[in-house]
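First the structure, in the form of structure tokens, and then the observations on it.
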Amino acid sequence: MWCVYLHAYIFIYVYIIVPTTFFLLNCNTQNCIINKISFSFPFLRQFPFKHLLPIDCRIKKMENKFDSEKVIEEFESLTKDTKRVQIETLKKILQENYEAEYLKKWNLDGRFDPQTYTSCVPVVTHKDLEPYIQKIADGASYPVLTGKPITTITLSSGTTQGKPKFVPYNDELTENTMQIYRTSFAFRNRAFPIGNGKALSFIFGSKQFTTKGGLLAGTATTNVYRSAQFKKTMKAMQTPCCSPDEVIFAPDFHQSLYCHLLCGLIFHEEIQIISSTFAHSIVHSFRTFELVWEELCSDIRTGVLSARITVDSIRTAMAKVLKPNTELADKIYNKCLGLTDWNGLIPELFPNCKYIYAIMTGSMEPYLKKLRVYAGGVRLLSADYGSSEGWIGANVNPDLPPEMTSFAVLPNIGYFEFLRLTSIDEIDSIEPKPIGLTDVQLGEEYEVVVTNFAGLYRYRLGDVVKVIGFHNSTPKLQFVCRRNLMLTINIDKNTEKDLQLSVEAAAKLLAAEKLEVLDFTSHVDLNTDPGHYVIFWEVSGDASDEILKECCNCLDKSFVDAGYVSSRKVNAIGPLELRVLRRGTFQKILDHYVGLGSALNQFKTPRCVGPTNPKVLQILCNNVVKSYVSSSFC
Ligand code: AMP
């Protein structure tokens, strides 16, 4: 009898299950129908057909377990108990690292509570920790900042200081990054669900190099993109990048960007999200699209990749996705021809794109205007708040416009303290005494002080944030500015936000001539007596002298800080100067930073260029085509 059963089993298996499985696998579905069937008909799970699934599909099943509600539940529970979670997080960090040279120095003697920690360990800046980080980079064979050895170094973008800083990196920071990604995605997905598909992600691996001690060094985002967890998380969040790895990690970011655009077009119907780390790179990418769209169409028409792509690994990878497709090429070509000033480019080319996602706050706000032109009606969702030194908070209210975005601090990814700023320079004059995460006051501004899992203890991040509310007991922070990005000569103090507002006011005059400010920065020129502000502009076309002169006056008048206005009135600060730059100057600045090891997606135009940044100042000064001096206050 058992022989009959065995034959029947083999017959069903070979003639029914195997062909059906292959048939289902060939169906164009991303949801692994087999999993669905076996879920609906539990008895089918008895059959050993799982091994017939391709690895990809098996992984998909594992990763499809992303459960937004569960992630939100975890976040709610953490933030309802912020104080306790902070105490535990600090204890965990100190327990893991108490044997490190740096912590031993402060005699914690096995006491890991916040009171002992904050009274024994000083508040520091990167400069104070630099010698320790250097020892690690040079290959110290004992625990310097962390108990476990640091194997990777992160290069911060260095846009404020002029050169990248070294920051220790470890797996815990990758895990924190994934937790932030999952948290904000869960809230985003609840508000704006997406289906299975792909993301056109303008992400770029930076150059990596090995330090003297043999540690790998690269940007924070490169370290994340190279981690196995990143891909897994992106897949689970239904947003795998549409470009192959060879494009993301290409040695030349111009070629990489071209291929990202090409892949986006090839998979245009599957694109659910357009994203990058910072909004600048999305705008930069579509500005590039405006220049190369015909070439991209020609590549799709012929199936032959442009000769501008010279890196073999990219050519080989792109050959797998690029096939001749006249119909698609014509479709894209006609859609582009039909657009006026590239208005609504994104919904036209990517009809299933649900939203655009990147950091759009702080120094990214000036790019929103252009991004909205490309986006047409597609929603802009602003991403989370973090830095090379670690993440801080997630955007858990994705339905708010980017300008109103705030970040709920995740209490288990670091120990957070806050230096109160009543006046922006006050903290330099007194012994800094930060307060804890749950002690911050609504409406107050603070500088963020971070203790993380990778060897930074009471580290001043240099960012100013404002508490605009609470999510349970964790504060919601709005980004205000970088502390050291400030225009000051006398008693005046203008932050990057003041500069942005002044540029926005003056740019309205240009808009009347259908021109826009492509990018801007500033400088304090103390070579004149008295010193004066210099604003550098790159403009999209030729503006008349008359308009530019008006813009210059408007810039000067739009700095409304009382210290500036009174100093200008008595000529303690000289007339503001507007210097117009040759087209392509900001591209040169971007190239300069990428050459130093930064990545396009992490790039932030330095909004104030000081003497610590002579190379960028030189690029700016060498590319001035016209300059105007304000006659306001005369
Ligand atoms: P990086 O040097 O590339 O690590 O850049 C980190 C810095 O970028 C932070 O210290 C902030 O100044 C800025 N930043 C990061 N996230 C945001 C955000 N969501 N909004 C505004 N600025 C941000």
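The values are calculated or read from the model by the stated rules, or taken from the named source; none is laboratory data. On a predicted model such as this, the values are computed, not experimentally measured, just so you know. Glycine gets a Cβ as well: all are built from the backbone with ideal geometry, and neighbour counts include every protein chain shown. Note: areas computed on protein heavy atoms with side chains; ligands, DNA, RNA excluded. Shrake-Rupley method; radii C 1.70, N 1.55, O 1.52, S 1.80 Å.
Computed from label points 7 Å out along Cα-Cβ, the spacing between Gln115 and Thr302 is 7.6 nm. For the chain, the fraction of 1.4 Å probe accessible surface lying on carbon and sulfur atoms is 55 percent. Taking the dipole about the Cα centre of the chain, with the C-beta of Lys and Arg at +1 and of Asp and Glu at -1, give me whichever of Ala228, Asn622, Cys551 is farthest to the positive side. The residue sitting farthest along the positive end of the dipole is Ala228.
Separation of the alpha carbons by more than 20 angstrom is noted, of Lys91/Lys148; Lys80/Lys232; Lys135/Lys165; Lys105/Lys148, for Lys80/Lys232.
Can you give the FRET efficiency for Lys433 and Lys508, using 1/(1 + (r/R0)^6), R0 = 35 Å, r = Cβ-Cβ distance, to the nearest 0.05? That pair, Lys433 with Lys508, gives E of 0.25.
Tell me whether region 314-438 comes out rounded, prolate or oblate; compute the Cα gyration tensor, take square roots of the eigenvalues as a ≥ b ≥ c, and use a/c under 1.5 as the rounded threshold. Taking the square roots of the gyration eigenvalues as a ≥ b ≥ c, region 314-438 is prolate.
Test of understanding: extend the Cα→C-beta vector of Asp312 to 7 Å, then name every residue of region 249-284 with backbone N under 15 Å from that spot. Label zone hits: 251.
Separation of region 159-221 and region 232-252, taken as the distance between their Cα centroids, equals 12 angstrom.
Taking every DSSP bridge with both residues inside the chain, close to 65 percent are antiparallel. Rolling a 1.4 Å probe over the heavy atoms of the protein chains gives the chain an accessible area of 43 Å² per residue.
The distance between label points at Leu337 and Glu290 comes to 2.1 nm (points 7 Å beyond Cα on the Cα→Cβ vector). Taking amide H positions as modeled 1.01 Å from N, with prolines and chain starts lacking one, the residues under 5 Å from Ser201 and 5 or more places away or on another chain are Cys242, Ser243, Ser275. Beta bridges assigned by DSSP with both partners in region 139-250 are antiparallel in approximately 55 percent of cases. Close amide H pairs (under 5 Å, H built 1.01 Å from N) link Ile359 with Phe278, Ala279, Ala383, residues at least 5 positions away or on another chain.
Rounded to whole numbers, the Karplus 3J(HN,Hα) couplings from phi for region 94-110 are 6, 5, 5, 10, 4, 7, 5, 3, 5, 6, 4, 4, 9, 6, 6, 6, x Hz, using 6.51 cos²θ - 1.76 cosθ + 1.60 with θ = phi - 60°, and x at Gly and Pro. For region 142-212, trypsin sites (Lys or Arg not before Pro) meeting the loop criterion (DSSP other than H, G, I, E, B) and having at most 13 other Cβ atoms within 10 Å: Lys212. Here the extension length gained between Val624 and Ala319 equals 105.6 nm, from 0.36 nm per residue of separation less the Cα-Cα distance. Relative contact order for the chain: 14 percent, from Cα pairs under 8 Å spaced at least 6 residues apart, divided by residue count. Stretching the chain fully between Glu88 and Val565 yields a gain of 166.8 nm (0.36 nm per residue, less the alpha carbon separation).
For region 263-322 versus region 514-562, the spacing of their alpha-carbon centroids is 35 Å. Working ranking of peptides 513-520, 139-146, 485-492, 385-392 by packing, defined as the average number of other Cβ atoms within 10 Å per residue, highest first, is 385-392, 485-492, 513-520, 139-146. For the chain, the mean residue ellipticity at 222 nm estimated from helices alone is -12500 deg cm²/dmol, where every DSSP H run of n ≥ 4 contributes -39500 (n - 2.57) and the total is divided by all residues, rounded to the nearest 500. Backbone geometry of region 619-634 corresponds, through the Karplus equation with coefficients 6.51, -1.76 and 1.60 at θ = phi - 60°, to 3J(HN,Hα) couplings of 4, 4, 5, 6, 10, 7, 9, 8, 9, 9, 10, 5, 10, 5, 6, 7 Hz, x marking Gly and Pro. Note on region 426-572: lysine pairs with Cα distance below 15 Å, sequence gap of 8 or more or different chains, count 7.
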